[in-house]
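The values are calculated or read from the model by the stated rules, or taken from the named source; none is laboratory data. Quick caveat: nothing in here was measured; it's all calculated off a predicted structure. Cβ sites come from the backbone with ideal geometry, for glycine too, and all protein chains shown count toward neighbours. For the accessible areas, the whole protein counts, side chains as well, though only heavy atoms, and no ligand, DNA or RNA atoms are used. Shrake-Rupley method; radii C 1.70, N 1.55, O 1.52, S 1.80 Å.
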Amino acid sequence: DTAWLNAFRHPAGAADLVQDIRRRIEHHAPVRIMEICGTHTMAIAKAGLRSLLAPGVELISGPGCPVCVTPAGDMDAALELSGRPGLIVATYGDLLRVPGSVRGDTLLRRRAAGADVRTVYSAADAVDLARANPDREVVFLGVGFETTTPGTAACVLDAAESGLANFSVFCLLKRTEPALRALLSAPDCGVDALLCPGHVAAVTGVDAFAFLPREYGLPAVVSGFEAGDVLYSVWRLVCMVCGGTPALENEYSRLVTAAGNTAARAAAEAVFLPADSLWRGLGEIPASGLALRPEYARFDAAVRYGLSRRRGTEPPGCRCGSVIRGVLPPEQCPLFGKVCRPEDPVGPCMVSSEGACAAAWKYRPAD
Ligand code: SF4
């Protein structure tokens with residue numbers, strides 16, 4: 001039964017919210033709201049909210065797509081792994097077409113050339129693959145934020161308990177808070193309010209975003225993913241910006257609690273430790289990634305295979321770094337829609353199903 005969803009697809013209610021947003025910002029400088037989640041990026045583009053609310057409200061995409069923020073050097077290492085004899089690389093589908101430092105060099109192309117690269121829907125699928133192939137080594141490319149970390153941790157715990165020796169993780173997991181702090185401290189940031197990811201908050205709890213109003217004086221709303229959720233959250237953010245009353249609110253209360261999912265966090269903390277991490281567009285950020293704890297080092301593919309985490313080089317002309325920081329709209333990249341399209345992407349923001357460039361291209365205005 002999906003009837004309850006109708007409350008979030010209510011045209012008259014949406015029209016009232018849009019009207020009130022326009023009234024509030026009539027004599028106010030444009031309000032710049034950043035979403036930090038690729039699922040929000042897609043929801044905003046699909047519902048046409050960006051053009052509906054412009055120019056008074058600017059909706060800006062931030063570093064919310066895990067595939068997009070994975071730097072070229074880490075993709076180079078994943079590509080190198082795929083060339084090891086007898087090894088199976090298990091990855092989410094979005095990573096298949098992300099190039100490393102060399103344009104066109106992707107896991108998909110390596111697979112076409114004979115590498116054993118398998119698409120999986122979860123870390124648990126990769127564990128199953130390892131169990132089904134006891135004479136092969138299976139490496140799972142672990143990307144994502146707080147949403148995918150607990151599942152990856154549970155698989156490492158499972159592998160440890162069952163003595164699964166042919167499974168390891170190339171840990172590319174990221175943490176939201178340190179990246180947000182780095183972004184907001186940048187001189188070119190200029191963000192007035194933040195639309196916070198409901199699925200991350202379901203794990204971390206709402207309070208994980210309390211530092212935004214408390215330390216940066218910025219309104220923040222934890223939001224769901226229906227168009228009505230996002231519009232309501234934007235309305236609340238506009239109210240707070242215009243009223244000068246920054247606070248943290250939870251719009252996604254049907255799923256998100258103050259404490260979050262303590263069992264999921266306990267699994268993640270049992271397996272991983274914060275570690276410095278390199279982000280595409282943001283550079284190296286202290287404690288913004290995760291590393292396997294020493295007691296689970298045998299499941300760390302970087303250790304097991306001696307992988308080097310070099311910086312790598314961005315594709316020539318690609319402006320993904322600026323798009324990820326929210327300082328350049330995708331359409332203003334000189335390659336957008338010309339040499340960079342989803343069928344032949346130059347950078348990860350056009351590859352990923354949650355990338356800002358892919359969203360802008362998929363839902364672009366009709367010619
Ligand atoms: Fe990178 Fe393509 Fe986006 Fe330009 S349009 S920033 S090249 S993904």
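So here's what we get for this one:
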quantity	calculated
Rounded tilt (10° steps) of 149-162 against the dominant C-alpha axis of the chain	20 degrees
Angle in degrees between helix 123-132 and the longest Cα principal axis of the chain, rounded to the nearest 10	20 degrees
Relative contact order of the stretch 322-362, defined on C-alpha pairs under 8 angstrom at six or more residues apart (%)	32 percent
For Glu314, distant residues with modelled amide H under 5 Å away	none
Around Arg9: net Lys/Arg minus Asp/Glu count, Cβ-Cβ under 14 Å	-1
Accessible carbon and sulfur surface of the stretch 322-362 relative to its total accessible area, %, 1.4 Å	54 percent
Local net charge near Arg131, Cβ-Cβ under 14 Å (Lys/Arg +1, Asp/Glu -1)	-4
Prolate/oblate/rounded call for the stretch 322-362, Cα gyration tensor, a/c under 1.5 rounded	oblate
Shape category assigned to the stretch 136-225 from the gyration tensor of Cα positions, a/c cut at 1.5	prolate
Theoretical ellipticity at 222 nm over the chain - DSSP helices of four or more residues, -39500 (n - 2.57) apiece, nearest 500	-11000 deg cm²/dmol
Values of log10 I(q)/I(0), in the order q = 0.13, 0.16, 0.22, 0.25 Å⁻¹, for the stretch 1-85 under a Debye, Cα-only, solvent-free model	-0.62, -0.78, -1.12, -1.22
Whole-Å semi-axes of the ellipsoid equivalent to the stretch 204-262 (Cα gyration tensor, √5λ, descending)	19, 16, 6
Student exercise, the chain dipole from Lys, Arg, Asp, Glu Cβ charges, in Debye to nearest 20	680 debye
For the chain, radius of gyration divided by Kirkwood radius, i.e. Rg to Rh on alpha-carbons	0.98
C-alpha center-to-center spacing [the stretch 149-177, the stretch 199-269] in angstrom	27 Å
Rounded tilt (10° steps) of 262-271 against the dominant C-alpha axis of the chain	40 degrees
Accessible surface, per residue, of the chain when the full set of protein chains is kept, probe 1.4 Å, Å²	42 Å²
Counted charge near Gly337, where neighbours are those whose Cβ lies closer than 14 Å (Asp, Glu -1; Lys, Arg +1)	+1
Farthest toward positive dipole pole in the stretch 50-180 [+1 Lys/Arg, -1 Asp/Glu at C-beta], among Thr106, Thr152, Val117	Thr106
For the stretch 251-367, alpha-carbon Rg relative to the globular expectation (2.2 N^0.38 Å, N residues)	1.39
